[in-house]
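Okay, structure first, notes after.
The values are calculated or read from the model by the stated rules, or taken from the named source; none is laboratory data. In this text, all values refer to a predicted model and were calculated from it rather than measured experimentally. Don't worry about glycine lacking a Cβ; one is built from the backbone with ideal geometry, like all the others, and counts go over all protein chains shown.
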Amino acid sequence: MAQDITNFIRDLFGTDGPVFLHEPRFRGNEKAYLNETIDSTYVSSVGEFVTRFETDCARTLDMPFGVATMNGTAALHISLLLAGVENQDEVITQPLTFIATCNAISYCGAHPVFVDVDKDTMGLSPTALSAFLEENAEIRNGTCVNKTTNRKIRAVLPMHSFGHACRIDEIAVICEKWSLALVEDAAEALGSRYKEKALGSFGKVAALSFNGNKILTTGGGGMIVTSDEALARRAKHLTTTAKVAHAWDFTHDAVGYNYRMPNLNAALGCAQLEMLDEFLISKRDLAALYREFFHDRDEVFFDEPTDAQSNFWLNAIIMKNLESRDAFLAKTNAAGIMTRPVWTLMNRLDMFKSCQRGPLDAAEWLADRVVNLPSSARV
Ligand SMILES: *Cc1c(COP(=O)(O)O)cnc(C)c1O
């Protein structure tokens, strides 16, 4: 008889107790660096760990500039502002994502427009994006305009689900053609690549998250990543109350945000970043064990897409249908194994259900079937 899934997962994590979806691991210099911040008294909004974390983290994406923020949602908000998103603009995104993606669009006073994902990436589909634009958009005076709503479509915001790359190079070409800014929600994708290139390095700007459940954590935190020095400077300005640099004077030249990451959190981030390669190896190893376990079962292991190198942040399986999904969730959770369905589709939430959308067949299919499995690094 096939080995029971709950026993298999217990064996993987070597515990008889509860198995969580994703736990942080602190096996490096975390305590040493945190103590350094306390000894120095620089625990708050300035300190050398912030700069170091920004530089080191951006470097893992082969990008020159990173601006740390207090969470990933704040990084997304500022990224959209940097991309030129204004009040009453539209931003095309996928319905299969975490709420932060759409909240950030709303914070700009803009409207999400939902376009389908690809079944094999769970990320925004370039085919669906292109079809939506051909049908609904036109270029007026160099700006992409939605013919139905007469609003400007300013940016496209794809999300790399669970660390698996969407077809981001094709999306970049479409954005170029339609004069749209490409902003990547790479919150789940630190350490992932597509055609050898780091996710988060394909667009004008990208946002990362270091929330407690992400591949590495700063407690709470995020980062804006860009290759454009002027945008990086603007990001720093906007996230630090738009204060004009001066030896003593308090002058601010815009309504800015207090979005900066405290030094305390950045210290944790620096230590965590030193562990990233180890985390990635451990997670790839875990994915291989899940792949092997599921290869002769009804559930289908969601593997890394063609040309992608995933960080396997959260492993996922695809169930046959909604009933088998719910049965699986009930059984595993009752046994203390934390498994989770994918998010409620954004277009089904009250705040966003009147937003314009294209056909969403793949997203709806996935929403009924995806289950995430415990995926903590085993280090
Ligand atoms: C985690 C996450 C974010 C950012 O979340 P914060 O908790 O604000 O750091 C944004 N988008 C996606 C898709 C995420 O998974």
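Observations on the structure shown:
- Between T339, T306, T332, T344, the distinction of being β-branched (V, I, T), surrounded by fewer than 19 Cβ atoms within 10 Å (Cβ to Cβ) and either touching a His at 6+ places or on another chain (Cβ under 8 Å) or in contact (Cβ under 8 Å) with a residue 60 or more places away in the chain (or both) belongs to T306 only.
- Selection from segment 223-243 of residues that are crowded, with 24+ Cβ neighbours inside 10 Å, more than 15 Å from the ligand (Cβ to nearest atom) and either in a loop (DSSP other than H, G, I, E, B) or of a type in the set (S, T, N, Q) (or both): T226
- Residue match in segment 156-176 (condition: more than 11 Å from the ligand (Cβ to nearest atom), within 21 Å of K236 (Cβ to Cβ) and over 15 Å from the mean Cα position of the chain (by Cα)): no
- Selection status of K119, within 24 Å of T226 (Cβ to Cβ) and of a type in the set (K, R): no
- Of residues in segment 15-55 being among the acidic types (D, E) and surrounded by fewer than 17 Cβ atoms within 10 Å (Cβ to Cβ), the one farthest from S376 (Cα to Cα): D39
- Close pairs (9 angstrom Cβ cut-off, 6 or more residues apart or separate chains): over 14 Å from R154 (Cβ atoms) in segment 168-188, polar (S, T, N, Q) and away from the ligand (no atom under 16 Å from the Cβ) anywhere: E170/T127; E170/S130; I171/S125; I174/S130; K177/S130; E184/S201; A186/S201
- Some residue of segment 287-303 being out of contact with any Asp or Glu (no Cβ under 9 Å at 6 or more places or on another chain), closer than 23 Å to E196 by Cβ and assigned to a helix (DSSP H, G or I): yes
- Exactly one residue out of G212, G220 is within 12 Å of the ligand (Cβ to nearest atom) and surrounded by fewer than 15 Cβ atoms within 10 Å (Cβ to Cβ), and it is G212.
- Criterion (at pLDDT below 95, surrounded by fewer than 23 Cβ atoms within 10 Å (Cβ to Cβ) and not aromatic (F, W, Y)) met by exactly one of D277, D296: D296
- Scope segment 185-198; condition within 14 Å of the ligand (Cβ to nearest atom) and either of a type in the set (V, I, T) or within 25 Å of G28 (Cα to Cα) (or both); matching residues: A186, A187, E188, A189, L190, S192
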